[in-house]
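Where a number appears in this text, it was derived from the coordinates with a stated rule and is not lab data. Computed from a prediction, not measured in an experiment: that's the story for all the values here. When we count neighbours, we look across all protein chains shown, and the Cβ atoms used for this are built from the backbone with ideal geometry, even at glycine.
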Amino acid sequence: MKKIIPAARTEKIKYAVRDILLIADQAKAAGKKLVYLNIGDPVPFGFRTPEFITDAIIDSLRRGETGYAPSAGTAPAVEAIRRDGERRGIQNIQDIYVTSGGSEAIELAMTALLNPGDDLLVPCPGYPLYTAVLEKLGAVANPYYLDEEDGWQIDVEDVRRRITPKTRGIVVINPNNPTGSVLSEKVAQQLVDLAEEHDLVLFSDEIYDKLIFDDVKHVSLAALSKDVAAITFNGLSKVYVGPGLRMGWGVVSGPEAKIGDYYRAIQKLTRARLCAPHPVMAAVPIALDGKNEHLPEVVAQLKLRRDITVEMLANIPGISCVKPQGAFYAFPKIDGFKDSDEEWCARLIREKGVVTVPGSGFGQRPGTKHFRIVFLPDEPTLRQAYSKISEFMKELKQS
């Protein structure tokens, strides 16, 4: 019998957020009670999808909207996304495409742009989907490192130095996953200018854009220039507490002469995969044109949990943490541990039952060690988890 050999493109694909569950499942099978701080899904932690979203979807189902939708999305959804983009100040909107989650919007944009051997500037730390898709496409991840000493802001001159003749675009995640940093308007403008200067496509991932703390201002990068070639990604998963709804989109902006052939290539790909979930599109206008009355309470709860996270981690010797400004992640640094951050996270699971994700799964500056925390659980759960991390660090020091 001859073995079926998988494609070589799958060999290097990793997704640390879920890969860590293999170790967690082993610990659970051995009887360890686990506290999960690894996956950014608000629903299991008591956050509910707003009823105006679920009601819109139920009404769509009752109307029988279960057939194929237009490949780019229904007209009401597309127009609502256009209005939302214009309210953000995005000019020269050329195209909008609705997808099965923000992840599909990102993958379609990358697939339509990159040939094998091309490179894409990606943030480190950053969301691992980008590097996974690059591996699949045979393209190259060209990492630029966020500055931990400057609140995880982007060093634009460092980005400039990394541009090669093969570079096709820049990925910006704002707010950032996994650090929770929010890009300053000054740095955002510098990045937009850099993308224009080198004719690069700016991929602006803004899925956490309304989950912002401390009166920090969020700005859409594409709003800073009508001439930059940009795709702004968003969806219903985080701000609207509906990750399982699988509803995302991309807003393509910039001069038609510059970006026309590119967005028409994306359109080809959207037609080839038929459409996003038809009934869920009914929620898009309700969400984007509504008052979002659920948001103040969501942000208030997340801010409280952020504050507990920063306060308790600051009191653990060997751990330091930049204060997140948005989303629901923190990216603490580990000092004084000789082994890798993967081993640190594995031991934390086995010995204390706390599930976090190693920083290497998101990219980090060489020589540093981090782990990502999701601070979605309630206050007692977070306090229990951080107490266990404190115990773990004390035991490591004594061993």
Quiz item: Roughly speaking, what is the centre-to-centre gap between segment 314-384 and segment 186-215 when only Cα atoms are used, to the nearest Å?
Solution: 26
Practice problem: Have a look at L376, C345, V192 and report the one farthest towards the positive end of the charge dipole of the chain, computed about the Cα centre with Cβ charges (Lys/Arg +1, Asp/Glu -1). | Solution: C345
Practice problem: Return the sequence-ordered ³J(HN,Hα) values of segment 65-77 in whole Hz as given by the Karplus equation 6.51 cos²θ - 1.76 cosθ + 1.60 applied to θ = phi - 60°, using x for Gly and Pro. | Solution: 7, 10, x, 4, 9, x, 4, 7, x, 5, 4, x, 5
Quiz item: If we sort 340-352, 49-61, 154-166, 21-33 on the protection proxy, mean other Cβ atoms within 10 Å, highest first, what's the order?
Solution: 340-352, 49-61, 154-166, 21-33
Exercise. For segment 112-140 and segment 78-97, write down the distance between their C-alpha centroids in whole Å.
Key: 26
Exercise. Give, to the nearest whole percent, the P(r) tail of segment 51-288 beyond 24 angstrom, counting all Cα pairs.
Key: 42
Practice problem: Report the charge-dipole magnitude of segment 51-288 in Debye, nearest 20, computed about the Cα centre from +1 at each Lys and Arg Cβ and -1 at each Asp and Glu Cβ. | Solution: 920
Quiz item: With the contact rule set at Cα under 8 Å and sequence spacing of 6 or more, what percent relative contact order holds for segment 51-288?
Solution: 33
Quiz prompt | Protection proxy ranking, peptides 104-112, 268-276, average beta carbon neighbours within 10 Å, highest first | solution = 104-112, 268-276
Practice problem: Could you tell me which of A229, I106, A30 has its Cα farthest along the dipole of the chain towards the positive end, charges placed at Cβ (Lys, Arg +1; Asp, Glu -1), taken about the Cα centre? | Solution: A30
Quiz item: Which residues' amide hydrogens lie under 5 Å from the amide hydrogen of D95, considering only partners 5 or more residues apart or on another chain, with H built in the peptide plane?
Solution: V252
Quiz item: Counting Lys and Arg as +1 and Asp and Glu as -1, each charge on the Cβ, what is the dipole of the chain about the Cα centre in debye, to the nearest 20?
Solution: 1280
Exercise. Name the residues whose placed amide hydrogens come within less than 5 Å of the amide hydrogen of L146, ignoring near sequence neighbours (fewer than 5 apart) on the same chain.
Key: C124
Quiz item: Restricting attention to segment 193-234, which trypsin sites (Lys or Arg not before Pro) occupy a DSSP loop and are surrounded by at most 15 other Cβ atoms within 10 Å?
Solution: K217, K226
Quiz item: Going down the list K33/K369; K217/K303; K217/K258; K210/K291, which pairs span over 18 Å between their C-alpha atoms?
Solution: K33/K369; K217/K258
Exercise. Report the antiparallel proportion of the DSSP beta bridges in the chain as a percent, rounded to a multiple of 5.
Key: 50
Self-check item: Relative contact order computed over the chain (Cα-Cα under 8 Å; 6+ residues apart), in percent
Solution: 25
